[in-house]
1. Return yes or no: is Leu90 touching a residue at least 12 places away in the same chain (Cβ under 8 Å), touching a strand residue (DSSP E or B) at 6+ places or on another chain (Cβ under 9 Å) and within 25 Å of Asn138 (Cβ to Cβ)?
2. Take residues that are under 27 Å from Leu135 (Cβ atoms) and tell me which of the helices (runs of 4 or more DSSP H) falling wholly in region 1-98 contain 1 or more.
3. Could you tell me whether region 142-155 includes any residue that is assigned by TED's automatic domain parsing to the domain that holds Ser12, closer than 23 Å to Ile32 by Cα, within 14 Å of the ligand (Cβ to nearest atom) and loosely packed, with under 13 Cβ neighbours inside 10 Å?
4. Cβ-Cβ distance below 7 Å, separation of 6 or more or different chains: which pairs start in region 108-135 with a residue that is under 23 Å from Asp83 (Cα atoms) and end on one that is among the charged types (D, E, K, R)?
5. Which one of these is among the charged types (D, E, K, R), over 17 Å from Asp23 (Cβ atoms) and in contact with a Ser or Thr (Cβ under 6 Å, 6 or more places away or on another chain): Asp137, Asp113, Asp84, Asp133?
6. Residue under question is Ile6, and the condition is that it be within 16 Å of the ligand (Cβ to nearest atom), β-branched (Val, Ile, Thr) and loosely packed, with under 14 Cβ neighbours inside 10 Å; does it hold?
7. Which number in (1) over 23 Å from Lys127 (Cβ atoms); (2) touching a helix residue (DSSP H, G or I) at 6+ places or on another chain (Cβ under 9 Å); (3) surrounded by fewer than 17 Cβ atoms within 10 Å (Cβ to Cβ) marks the one condition that Ile66 misses?
Amino acid sequence: MNPKLIKNLLESKKDKVCFFDFDETLFLIPTINASKILWKQATGKDFDESKYCFHDSPDSFNDSIIPFELKRSVYKEYLRVKDDSITVILTHRKKHLKKEMKWILDRHGIKMDYFVMENNNGSRTNKAVMILDFLKDNNLKPKMIEVWDDKADVLIDLDKFQQQYGKDFEIKIHRT
Ligand SMILES: [Mg+2]
């Protein structure tokens, strides 16, 4: 699609922004330890963590070794909102993995408008902060946002976010 069409399409959807977590929300994946065992079985070698820990590595998206099981309930929600909302991946996976993550999504017929990914090398950024920065950077003032996530500490941060910003826009949090 040409850039002007994409811009018009996003403009028509801007009243609602939907944020989807990736791991254990859109996709069920093996634990890190189970993934490393699968890696060793497939390659005959221990995973080399000298450069990246497993989940920070592009290899962690090699779906011929690591199975990605689409969570049907969340996929259905994606189908429900995709045509009239701006869709965004909101993940603590690192920014340098965007291409690999997009590839997995493509293979399952999922097209997200934006990817909001972790910048930090140390502690994880609060997802509420990631949402606010994203809206500001893209000059978006939606009437409603919806968020899907599985992690207890993220959901606590999102509940606080809802209490603080619920007057500015309607916020729906989905525990996946
Ligand atoms: Mg998750």
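1. Yes, satisfied.
2. Hits in region 1-98: 3-13, 72-81.
3. Yes, the conditions are met somewhere in region 142-155.
4. So the pair list comes out as Phe115/Lys98; Met117/Arg93; Met117/Lys94; Met117/Lys95; Met117/Lys98.
5. Unique residue meeting the criteria: Asp113.
6. For Ile6, the condition - within 16 Å of the ligand (Cβ to nearest atom), β-branched (Val, Ile, Thr) and loosely packed, with under 14 Cβ neighbours inside 10 Å - is not met.
7. (3)
The values are calculated or read from the model by the stated rules, or taken from the named source; none is laboratory data. Computed from a predicted structure; not experimentally measured. Here the Cβ is made from the backbone with ideal geometry for all residues, glycine too, and neighbour counts use every protein chain on show.
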